[in-house]
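Participant: Structure incoming, see below.
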Amino acid sequence: MEERIMKKSLKKLTGIVMIGVLALGALTGCGSQKASAAKDITIGVCAGPYGDMVKKAIAPSLEKKGYKVSVREFSDYVLPDQALANGEIDANLMQHTAYLEKFAADNDLNISKVIAVPTAGAGIFSDSIKSLKELKKGDKIGIPNDPSNLARALSILGKEKVIVLKKGIDQTKATEKDIAQNPKNLKFVTLDAAQISRSLDSVAAGVVPGNYAYAAKLDFSRALAVETLAEEYKNVIAVKTDDVKGQLGKDLKEAVESEDFYKAVSDKKSSFQSFQKPDWWTEKYKEK
């Protein structure tokens, strides 16, 4: 009798153990699927060279770490940050530090930079003149309408002595109100940064951010002037703030600091070779 009871108890115990093993296996399977899904990442970009930079210079290193990288292109500077904050994408590469910090603060977004990358400076382009000296009184100049790129445009025009900005101002926050002298009484037309290259037929000249200049295939050798970038105007990879020190942030940083990235950017046939390098690059490779 006792032996029969013991056998029944043993069967029950074996059944419970098997159920536990199966349940644990199912949970482990779910965990593996989540881990695998976490390795599928989407990086947002805007029109220009940075989609190619992700594909050719950054993705190879990430793929070695087991990531599957997709690129999603946006048509303006607003949507990529909103998509990042909302979790629609995992990272983006389309903006400089000054823009990122202001946009995030103004819109209460928890997104932050991971690392700066080589960046194309803005240029002053024209379809009608070959020198800034040819500007006439009352001519129209196209400039970006977002605050950080508008400030950049005014700074470039100031350095080229087209206008004079007030002394002592923070030029990274300059507005039209900070123009002290405008000798030719130029008219500034604020446009979406992406539209300026397509509006050169309606203005005497336009200040076009580097990524949009490349997207429009504008010839930098024919630019009336090209910007020398301050560090805060070099483009950065951004992620959710919580991800900066997490695995994704670490892996993105390592990818940009990798030998694969260096070779892809430094290749003489690469469109990135002439881009202005961030400070960390100069310190690491002892070159600008």
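The values are calculated or read from the model by the stated rules, or taken from the named source; none is laboratory data. Quantities reported herein were computed from a predicted structural model and do not represent experimental measurements. Cβ atoms come from the backbone with ideal geometry, glycine included; neighbour counts cover every protein chain shown.
Participant: For region 147-161, name all the residues that are more than 16 Å from Thr228 (Cβ to Cβ) and modelled with pLDDT of 95 or more.
Facilitator: Residues of region 147-161 that are more than 16 Å from Thr228 (Cβ to Cβ), as a first pass: 147-148, 150.
Matches in region 147-161: Leu150 only.
Participant: Determine, yes or no, whether Lys166 is surrounded by fewer than 16 Cβ atoms within 10 Å (Cβ to Cβ) and either within 26 Å of Ala57 (Cα to Cα) or of a type in the set (Phe, Trp, Tyr) (or both).
Facilitator: On the way: surrounded by fewer than 16 Cβ atoms within 10 Å (Cβ to Cβ): yes; either within 26 Å of Ala57 (Cα to Cα) or of a type in the set (Phe, Trp, Tyr) (or both): no.
For Lys166, the condition - surrounded by fewer than 16 Cβ atoms within 10 Å (Cβ to Cβ) and either within 26 Å of Ala57 (Cα to Cα) or of a type in the set (Phe, Trp, Tyr) (or both) - is not met.
Participant: Do we find a residue being over 20 Å from Thr172 (Cα atoms), among the hydroxyl-bearing types (Ser, Thr, Tyr) and at pLDDT 95 or above anywhere in region 210-230?
Facilitator: No, the conditions are met nowhere in region 210-230.
Participant: Looking only at helices (runs of 4 or more DSSP H) that lie completely in region 79-161, which have at least 2 residues being outside the structural domain of Thr241 (by TED's automatic domain parsing) and surrounded by 19 or more Cβ atoms within 10 Å (Cβ to Cβ)?
Facilitator: On the way: elements: 79-86, 97-106, 147-159.
Here the list reads 147-159.
Participant: Further, regarding this structure: Can you name the residue in region 170-179 that is farther than 16 Å from Leu229 by Cβ and modelled with pLDDT under 95 and, of all such residues, is surrounded by the most Cβ atoms within 10 Å (Cβ to Cβ)?
Facilitator: Lys173
Participant: OK, next. Keeping to region 46-78, report how many residues are within 19 Å of Val244 (Cβ to Cβ) and buried (at least 18 other Cβ atoms within 10 Å of the Cβ). Let's see the steps before the verdict.
Facilitator: Step one: filter region 46-78 for residues within 19 Å of Val244 (Cβ to Cβ), giving 54, 58, 61-62, 65, 67, 69.
Applying the additional criterion that residues be buried (at least 18 other Cβ atoms within 10 Å of the Cβ) yields 54, 58, 61-62, 67, 69.
Final tally of qualifying residues: 6.
Participant: I would also like to ask the following. Has region 66-84 got any residue that is at pLDDT 95 or above, closer than 22 Å to Pro278 by Cα and hydrophobic (A, V, I, L, M, F, W, C)?
Facilitator: no
Participant: Does Ser271 satisfy being at pLDDT below 95, of a type in the set (S, T, N, Q) and within 21 Å of Asp52 (Cα to Cα)?
Facilitator: Numbers: at pLDDT below 95: yes; of a type in the set (S, T, N, Q): yes; within 21 Å of Asp52 (Cα to Cα): yes.
So Ser271 passes the test.
Participant: Then there's this: With Ser197, Ser202 as the choices, which residue is in contact with a Phe, Trp or Tyr (Cβ under 6 Å, 6 or more places away or on another chain), touching a residue at least 40 places away in the same chain (Cβ under 8 Å) and polar (S, T, N, Q)?
Facilitator: Details: Ser202 fails: in contact with a Phe, Trp or Tyr (Cβ under 6 Å, 6 or more places away or on another chain).
Answer to the selection: Ser197.
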